[in-house]
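Student: Please find one structure pasted underneath; my questions will follow.
The values are calculated or read from the model by the stated rules, or taken from the named source; none is laboratory data. Every value quoted in this text rests on a predicted model; they were computed, and no experiment measured them. Cβ: placed from backbone, ideal geometry, glycine included. Neighbour counts: every protein chain shown. With ligands, DNA and RNA removed, areas are computed over all heavy atoms of the protein, side chains included. Shrake-Rupley method; radii C 1.70, N 1.55, O 1.52, S 1.80 Å.
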Amino acid sequence: MGKNRAGTDANDAAAERVKSATNNNGSFTAGLVLIAEDDEPIAFALSLVVEDAGYAVTVAGDGRLALALAQEQHPALIITDLMMPGMTGQQFIAALRRNVQNRLPPIVVMSAADPDLAEEVDADAFLSKPFEIEQVERLLQQFLESTPAGC
């Protein structure tokens with residue numbers, strides 16, 4: 001399972017929001033953001049921004065777990081690092097495209113590398129590392145406020 005803010009009551013509350021929001025009919029889970037990031041401080045900071053904006057978060061530390069969570073929980077938005085051990089962000093996106101039964105949610109790739117990588121993996125947006133809180137908030141607004149529940 002994904003991890004939220006470890007060791008806090010907020011972790012339990014966020015996990016419960018994810019659990020109650022998750023559906024099994026293949027449509028997106030309204031307000032659920034999947035973060036695939038192996039750097040724990042970055043994943044934690046990003047999850048705080050997403051939660052503070054009022055969305056549920058689930059975090060995967062590698063592409064394999066991210067793929068399993070994406071298929072199980074149907075997030076409305078995926079934010080993935082490109083450089084992860086095991087299964088990279090590029091491999092995760094490719095596997096998701098092969099295995100998804102319905103259309104994909106918006107995918108935001110995150111990297112300290114060249115923003116053109118977003119186009120190479122056919123992502124919807126690019127988030128530079130280090131990121132600014134306002135950048136994340138704009139992406140959340142762009143993708144989650146324009147995605148009707150149950151898409």
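Student: Name every residue in region 92-114 that is open to solvent by 10 Å² or more (accessible area, probe 1.4 Å) and either under 11 Å from Ala66 (Cα atoms) or of a type in the set (Lys, Arg) (or both), in order of residue number.
Tutor: Once the filter is applied, which keeps residues that are open to solvent by 10 Å² or more (accessible area, probe 1.4 Å) and either under 11 Å from Ala66 (Cα atoms) or of a type in the set (Lys, Arg) (or both), region 92-114 yields Arg97, Arg98, Arg103.
Student: Identify, please: which residue in region 115-138 is touching a Phe, Trp or Tyr at 6+ places or on another chain (Cβ under 9 Å) and within 21 Å of Leu32 (Cα to Cα) and is, among those, most open to solvent (accessible area, probe 1.4 Å)?
Tutor: Asp124
Student: Does any residue of region 122-140 turn out to be part of a loop (DSSP other than H, G, I, E, B), at pLDDT below 95 and among the hydroxyl-bearing types (Ser, Thr, Tyr)?
Tutor: no
Student: To continue, here is another question. If a residue must be open to solvent by less than 40 Å² (accessible area, probe 1.4 Å) and under 16 Å from Ala95 (Cα atoms), how many such residues does region 39-72 contain?
Tutor: 6
Student: Can we say Ala36 is open to solvent by less than 50 Å² (accessible area, probe 1.4 Å), without any contact (Cβ under 8 Å) to a residue 40 or more places away in the chain and small (Gly, Ala, Ser)?
Tutor: no
Student: Give me a count of the residues in region 36-88 that are over 12 Å from the mean Cα position of the chain (by Cα) and small (Gly, Ala, Ser).
Tutor: The qualifying residues number 5.
Student: So Met83 passes all but one of these: (1) among the aliphatic types (A, V, I, L, M); (2) open to solvent by less than 10 Å² (accessible area, probe 1.4 Å); (3) not in a helix (DSSP H, G or I). Which condition number does it fail?
Tutor: Condition not satisfied by Met83: (2).
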